[in-house]
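The values are calculated or read from the model by the stated rules, or taken from the named source; none is laboratory data. Remember, it's a predicted structure, so these values are computed and weren't measured experimentally. We place every Cβ from the backbone using ideal geometry, glycine too, and count neighbours over all the protein chains shown.
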């Protein structure tokens, strides 16, 4: 398992958890409604709080606390 993403710690309503695309830990990635293919590291583990829509996301969802 990879380290705990900040979006989970902050309790984002759009956080969906961890996926393993090929069924192994080597490909584990964290996903959410805005990034179903994988949350960028600057949001998941960095200082970006994801309060504004970014061009690289799939939807218009941003951080919303549960």
Extreme residue, surrounded by the fewest Cβ atoms within 10 Å (Cβ to Cβ), among residues of segment 21-55 that are over 15 Å from residue 5 (Cβ atoms) and modelled with pLDDT of 95 or more
55
Specify the residue that is farthest from residue 46 (Cα to Cα); the eligible residues are those in segment 9-20 that are surrounded by fewer than 16 Cβ atoms within 10 Å (Cβ to Cβ) and touching a helix residue (DSSP H, G or I) at 6+ places or on another chain (Cβ under 9 Å).
20
